[in-house]
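Only one structure is covered here, and it is reproduced in the block below.
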Amino acid sequence: MCLGSIQHTEMTKQQFLKLLNKLEKGTCSENEKELLFHFSEEVQQKEFNFFDDLSEKDKARIRVLKRINSSIHQNNNKSQEKAKQKRVWQIAVVVIGLLLSSYLFLQLVNNDDEIIINNQITLELEDGTIQIIEEKGSSNIIDRKGNIVGKQNGNQLAYNIANVKNETTYNTLKVPYSKRFELLLSDGTIAYLNAGSSIKYPVQFSESNDRQVFISGEAYLNVAKDSLRPFIVNADNLNIRVLGTKFNVNAYPEDSTVEVVLVGGAVGLYNINEVFDLTTTKLEPNYKASFNKATNDIVKNKVITSIYTSWRKGELVFRNMTFRNITKKLERYYGVSITINNENLSNTIFNASFGNEPLDVVLESLKINYGIQYAIEDEKVIIN
């Protein structure tokens, strides 16, 4: 059956998505555009409930279309309707195209009129205001009172204590998949954030209390020395206490463990419900501590630290790692979705190293060296 002849209320989910794809590629006829427009108008009152099983990306595309419909019908001047509708369709092609080509989706939060783009580095201020951080740009970071508290220059965001009033306010920096970013805190501590990570931190540390930050994901920290104010990193249910040191913390929410690798100095590890004392687990340089989220147990073993910090140079190094964990890291690094259909392969241990190669080069290398079969379907990597 020709798409152009489908009745509005008889359109199937597959036909609807096919029209959306054609719209995105610019191959929709005027009749098909009209059909898609009227169909989405009819189902708006149903809130797209019969599309609940769609992927997040397809749901986002539908929400975009829904917003477009609303914006068109806000204008009751019929003489301008046709021109406005044409312009909005042009905008729809651009917006939906960006959604697909960048592997991102739109998420409605709090207010139905607010859209957050999830493939951008963002900075959330104390009052909830969100700023987009352009990686190659430069800008001032301004607090709620209009004071310049920091500056962004390229891939680094730096806070200047001289411009900060003595009050504790928090900012949250979020780095999406496929990106990395650097943060210079007001005390001189440097935090390097890996893909899919976030850090919540005070604009200025208190002069009398501990210096505390909250990390989700992975970060390498070079902590400024301050014997009077210990630096505490909260990673899930684990506290990491230092005075001045260099270490890597891996605390992605979906992982079962939090890993801390100490490069230099000393750290103490303890559960957030405990206090720091003589019984606290101590970590020495060149050792890794694995904190089990379920049991709160901590296991230590000696490691080659460069393996765990190589991501700072854009490198991927896997040593004695299951293929399932390798694909998790590839997903974060490249911002893609990877499905493993071979359960035996998931638990197989591999060793591999990659520089800044594109994803297809990495996949081909795994195929040549380990016989791994893969396919790329609908912007997803399928491992068989």
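Bear in mind that the values in this text are calculations on the coordinates, not laboratory data. On a predicted model such as this, the values are computed, not experimentally measured, just so you know. Counting neighbours? That spans all protein chains shown, and the Cβs are built from the backbone with ideal geometry, glycine included.
What is the calculated FRET efficiency for LEU228 to THR339, with r their C-beta to C-beta distance and R₀ = 51 Å, to the nearest 0.05?
0.50
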Phi-derived 3J(HN,Hα) across segment 370-382 with the Karplus relation (6.51, -1.76, 1.60, θ = phi - 60°), rounded Hz, x for Gly and Pro, is 10, x, 6, 9, 9, 8, 10, 10, 6, 6, 10, 9, 10
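Loop only per DSSP, at most 15 neighbouring Cβ atoms within 10 Å: give me the GluC sites (Glu not before Pro) in segment 187-263, ordered by residue number. Could the numbers behind the result be given before it?
Details: sites: GLU207, GLU218, GLU254, GLU259; in loops: GLU207, GLU254.
Of the GluC sites (Glu not before Pro), the ones in loops of segment 187-263 whose Cβ has at most 15 other Cβ atoms within 10 Å are GLU207, GLU254.
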Near the amide H of LEU157, under 5 Å away, which other amide H atoms are found, from residues 5 or more places off or on another chain, if H is placed in the peptide plane? GLU182, LEU183, LEU184
Scan around ILE121 for amide H atoms under 5 Å from its own, H built in the peptide plane at 1.01 Å from N, and keep only partners 5 or more places away or cross-chain. ILE133
Backbone N under 17 Å from the ASN271 label point (7 Å along Cα→Cβ), restricted to segment 294-309: 294-300
Residues whose placed amide H lies under 5 Å from that of THR348, excluding near-sequence neighbours: PHE323, ARG324
Taking θ as phi - 60°, what are the ³J(HN,Hα) couplings along segment 173-188 by the Karplus curve (6.51, -1.76, 1.60), each to the nearest whole Hz, with x for Gly and Pro? 9, 10, 10, x, 4, 6, 10, 9, 8, 10, 10, 9, 6, 5, 8, x
From the phi angles alone, apply the Karplus equation (6.51, -1.76, 1.60; θ = phi - 60°) to segment 124-129 and give each ³J(HN,Hα) in whole Hz, x where the residue is Gly or Pro. 9, 7, 4, 7, x, 5
